[in-house]
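See structure below.
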Amino acid sequence: MSCGSSGTGETPQARSDEEAHRLPRGKQVPAAEINGQNNKVFYYRDFKRNQGEFGLIRRVIMRIDKMLANLGYGSRKDVKKLLKDGAVTVNDEKVKDPKHHVDPEQDAVVINGEKVEYKEFIYLMMNKPPGVISATEDSQSETVVDLLEMEDLVFSPFPVGRLDKDTEGLLLLTNDGQLSHRLLSPKKHVPKTYFAVIDSEVTAEDIAAFQKGVILDDGYETKPGTLKILKSGITSDIELTITEGKFHQVKRMFEAVGKRVIYLKRLSMGPLELDETLELGEYRELTEEELDKLMNYEVG
């Protein structure tokens, strides 16, 4: 892939998406290598078919051995053997050099007659079960990543935010760091809705208190939350929407009004809603519609 010239004899470097957006249409500019993994990110101003307007197209150029290893075709050693044996073609030409660079979005990569379908990012919706922690690894407890199949593990996904060990419900896992940052940044105020069972009667006074914000045990005053009573009695069923993610926040908010959460489940995060057909511990990839809503979600 050729890159546009800056007019100074050197290729200009885009240090961020924001800087790349200022490029003239038709200019391709390499960003810095990401993660030291021999990937190069190129920005290209052109017509974005999905949005019906001119905008930024992001492409990744990477070594073929890394691409195939990331997609689960074996270790780097296994992939090098495939290449050496002549099992891999790129655009109908055999490639044996593991350092050969490809554009996964544009180049046709085939292994033993089977076309390789490439994706850079993975987006998974999980119905998190209780007893599992929201982490990538832990020396003592099972993690949500331990529940993934190897074909998904190769993308190195991580949970976006955390749910308490005993909390169930919606959890997004991805390897898209930019999306994760957008959803978790305190400045963005992404709403999260929970269903909870409370150990006593929830009243209109609690609704008013949550609407104002309550004082937690460490003195922090929460931002307003929207409390909806579904059933009130000896135990109460409620839905609560908050825009923060403090440690044990839902439980601590109810403790602040003298009540205790005995069951907690997250129903939604921003525009993403839990697929209720998923059993506890099950997960699936986001649909195109769900992913589009996430990517275009205006927050903050």
Residues located in region 157-168, provided they are outside any strand (DSSP E or B) and under 13 Å from the mean Cα position of the chain (by Cα): P157, V160, G161, R162
Positions within region 271-300 being aromatic (F, W, Y) and either assigned to a loop (DSSP other than H, G, I, E, B) or touching a His at 6+ places or on another chain (Cβ under 8 Å) (or both), in sequence order: Y297
Of the criteria (1) surrounded by fewer than 16 Cβ atoms within 10 Å (Cβ to Cβ); (2) charged (D, E, K, R); (3) under 30 Å from E151 (Cβ atoms); (4) touching a residue at least 12 places away in the same chain (Cβ under 8 Å), which one R266 fails: (1)
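Against the condition touching a residue at least 24 places away in the same chain (Cβ under 8 Å), of a type outside the set (D, E, K, R), out of contact with any strand residue (DSSP E or B) (no Cβ under 6 Å at 6 or more places or on another chain) and under 26 Å from L153 (Cβ atoms), how does G233 come out, does it pass?
no
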Residue count for region 223-265, restricted to those that are charged (D, E, K, R) and touching a helix residue (DSSP H, G or I) at 6+ places or on another chain (Cβ under 9 Å): 4
Some residue of region 208-216 being assigned to a strand (DSSP E or B), among the basic types (K, R) and out of contact with any helix residue (DSSP H, G or I) (no Cβ under 6 Å at 6 or more places or on another chain): no
Residue among L291, L278 that alone is in contact (Cβ under 8 Å) with a residue 60 or more places away in the chain, more than 17 Å from F195 (Cα to Cα) and out of contact with any helix residue (DSSP H, G or I) (no Cβ under 9 Å at 6 or more places or on another chain): L291
Members of region 61-117 found to be outside any loop (DSSP other than H, G, I, E, B), among the polar types (S, T, N, Q) and over 23 Å from D152 (Cα atoms), listed by number: T89
Matching option when the condition is among the aliphatic types (A, V, I, L, M), assigned to a strand (DSSP E or B) and over 15 Å from V250 (Cα atoms), among L171, L179: L171
Single residue of region 208-263 satisfying the filter (more than 21 Å from H189 (Cβ to Cβ) and polar (S, T, N, Q)) that is surrounded by the fewest Cβ atoms within 10 Å (Cβ to Cβ): T235
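Read the figures in this text as sums done on the coordinates, not as results from a lab. The structure displayed is predicted, hence computed values, not measured ones. Here Cβ is always computed from backbone atoms with ideal geometry, including for glycine, and neighbour counts include all displayed protein chains.
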